[in-house]
1. Show that you can apply the helix-only estimate: for the chain, add -39,500 (n - 2.57) for every DSSP H stretch of four or more residues, divide by all residues, and state [θ] at 222 nm to the nearest 500.
2. Starting from the Cα of N81, step 7 Å along the direction of its Cβ; do the same at A163; then give the gap between the two resulting points in nm.
3. Using the beta-carbon distance between D140 and E57 and R0 = 41 Å, what value does 1/(1 + (r/R0)^6) give for FRET efficiency, to the nearest 0.05?
4. Can you give me the P(r) profile for the chain? Cα pairs, bins 5 angstrom wide beginning at 0, each as a whole percent.
5. What order, most packed first, do the peptides 90-97, 49-56, 14-21 have when packing is the mean number of other Cβ atoms within 10 Å of each residue?
6. Cut-off 10 angstrom, C-alpha nodes, Gaussian network model of the chain. Which of T88, T159, T100 fluctuates the most?
7. Which whole-number percentage describes the relative contact order of the chain, with Cα contacts under 8 Å and a sequence gap of 6 or more?
8. Using 0.36 nm times the number of residues separating N12 and D151, minus their current alpha carbon distance, what extension gain do you get?
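Quick note: the coordinates plus some simple rules give every number you see, no bench work behind them. Predicted model only: the values in this text are computed from it and were never measured. Because the Cβ atoms are built from the backbone with ideal geometry, glycine has one as well, and the counts that use them run over all protein chains shown.
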Amino acid sequence: GEKLGEKATIKNLARGGLSPRSFIDKGLWDEAIQQVNAGDLVLIQFGGNDGNKSRPERYVHAYRGYSENLRRFISEIRAKNGIPVLVTSPTAHYYNGDGTLRRSWGDYPAAMRGVASDTGAFLIDAEDYTFQRQNLLGKDATVHLFMVSVDGKDTTHFTKEGADIVINGVQFFAITSGNYE
């Protein structure tokens, strides 16, 4: 909230480890959509937990269930005169054996981009921004931006410094690409 100024009110209704499917199944979407008022920006970020086939309670195919759920969210937000903003999941600190950075989330970012294009929803492409930045700087220069630098395991979640850099960079990217009002 500190980045948005004093006039912004933030309601963080996210729950870690969920996909759109499990967010709906747990009744959390129904709770969230009830709180949307006309003019509200509603940021939607999923894609990091959706492709795990070993977790059938949250798995959905990128171009079927995942995209369909995103379209539902957009439609219901717009029905309440809210403004849906899709946000792709940032790239994790995953590297191939040859040391090259690997795209983290399979087809999910591309599926989200497609939904944004098809529906005219705003898109903040955090996945592409963070991939380009991390690829440019390299593995050693970016490891401190992830929790892996703290616990040796978590290559997905950011340290505070990493989160601040992503927020500042994505904000700049969104403004300069015309995807932000």
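1. On the way: 8 runs with 75 residues, N = 181.
Computed mean residue ellipticity for the chain: -12000 deg cm²/dmol.
2. Each label point is offset 7 Å from its Cα along the Cβ direction, giving 3.3 nm.
3. On the way: r = 37 Å, r/R0 = 0.90.
That pair, D140 with E57, gives E of 0.65.
4. Whole-percent P(r) values from 0 Å outward: 1, 8, 15, 20, 20, 18, 11, 5, 1, 0.
5. 90-97, 14-21, 49-56
6. Looking only at T88, T159, T100, the biggest GNM fluctuation is shown by T100.
7. On the way: 244 pairs, mean separation 31.8, N = 181.
Reported as a whole number, the value is 18 percent.
8. On the way: separation 139, 0.36 × 139 = 50.04 nm, distance 2.57 nm.
47.5 nm is the gain from fully extending N12 to D151.
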